[in-house]
């Protein structure tokens, strides 16, 4: 991995989950990773793709790519699976060109660094967690192992797998514009997953790697009153890096 690093924040984190960017910043700072922030005030265009407006997404893609080039960013990291998929899959398609950038989901990028540096990660007190595979990151991008590898690097953190995991994982209800169009339906789906799949595992927390899943699970946990905590993985990593 070479070149200037850029972190693309994305709409969901910038507007609704700023605490996740704070954790990304803390992780990068702990690892002495210098990066340029981008995407705080521009959408990647994925909502247009999901709505069937691929043509309208093209000028947005051009604007984002020109922004990367203007800042001389060559390696782009994002914690949003939808943004990552947009960059790596849709941008080359709708722009009809090979892009001179490397794209990484946050888990891919940090997992590689953690393995290279043989990081010593620890969290206290001992925590039992389960991991939710986001639809965008798992089914569409086939990123299953890096999040688990990161969680398994953390001492005193016990990962308990859901019965339905990886490609068989059930949706939390937070993606595909469902949360924006039918928010209560989205929350009901999260509640069903929490009550039927997660509560029986007797875990302390749910960990995911998608801002949309994180927000929908937060609503689901609040309504089920289970007391289970919800983290995006950068939050867990920030805690673990503090405990080194």
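Each reported figure results from applying straightforward, stated rules to the coordinates on display, with no laboratory input. Predicted, not measured: the structure shown is a model, and the values here were computed from it.
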Inset, instruction - Could you point to the label whose value was computed as Rg/Rh (Cα atoms, Kirkwood Rh) for the structure here, given (1) 1.08; (2) 0.96; (3) 1.29? - result: (2)
Inset, instruction - Could you tell me the distance between the Cα centroids of segment 165-193 and segment 1-36, to the nearest Å? - result: 26
